[in-house]
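Data block below; observations after.
The values are calculated or read from the model by the stated rules, or taken from the named source; none is laboratory data. Values in this document were obtained by computation on a predicted structure and should not be read as measured data. Here the Cβ positions follow ideal geometry from the backbone for every residue, glycine too, while neighbour counts run over all protein chains shown.
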Amino acid sequence: MPVHHYWPVRMDGKCRSIKFAVDWGNNHKQKAQRIGRAGSRFIQEDLKMDHVYDYMFHLLNGYSKLLKYKPVVPRNAIEICSETMACNSEGIAKRFMKESIVKGPADFRPCTMPPPYDPQTLNSILERKMNSIKQVEKRENEFFGEHKF
């Protein structure tokens, strides 16, 4: 959610938007740190690789139903395991690859996805998101209206 998990940056006028975000963060350090902590918490708690793999499975499973042919593994194909791929990496990339390796089968039913939001809840979330972005854009416009560059 913008302004809760991250600071939104405009695609048009990106440089000005980034400058405003940096100035705002420097002038509101506690609020900026709170946003950073909330974003980090979201990444660490909600974006676990198990969830990503569940999503990928659903996506690929759905895609496979659209294929009009049966895929076959080429004769010269070589299977590469996750550990082998991580070996060639270094530093933080290697650490992240090792942390994301699936070490065994899940101890829960595979691919249990939460039910979709009902239309009213989804609209409420999208409206909150757009309002947050509009508030930031309004602040940017006010800031740049006062400061001629």
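Brief remarks follow.
- Against the test of being out of contact with any helix residue (DSSP H, G or I) (no Cβ under 7 Å at 6 or more places or on another chain), within 16 Å of Met49 (Cα to Cα) and at pLDDT 75 or above, the options Phe96, Phe108 yield a single qualifying residue, Phe96.
- Picking from residues in segment 130-149 that are loosely packed, with under 15 Cβ neighbours inside 10 Å and within 12 Å of Trp24 (Cβ to Cβ), the one that is modelled with the lowest pLDDT is Phe143.
- Lone unmet requirement of (1) closer than 28 Å to Trp7 by Cα; (2) surrounded by 10 or more Cβ atoms within 10 Å (Cβ to Cβ) for Gln30: (2)
- Residues in segment 36-55 that are of a type in the set (A, V, I, L, M, F, W, C) and exposed (fewer than 12 other Cβ atoms within 10 Å of the Cβ) were compared, and the one that is modelled with the highest pLDDT is Ile43.
- Verdict on Ile101 being within 16 Å of Val136 (Cα to Cα) and surrounded by 11 or more Cβ atoms within 10 Å (Cβ to Cβ): no
- Ala93 vs. criteria surrounded by 13 or more Cβ atoms within 10 Å (Cβ to Cβ) and either hydroxyl-bearing (Ser, Thr, Tyr) or part of a helix (DSSP H, G or I) (or both): no
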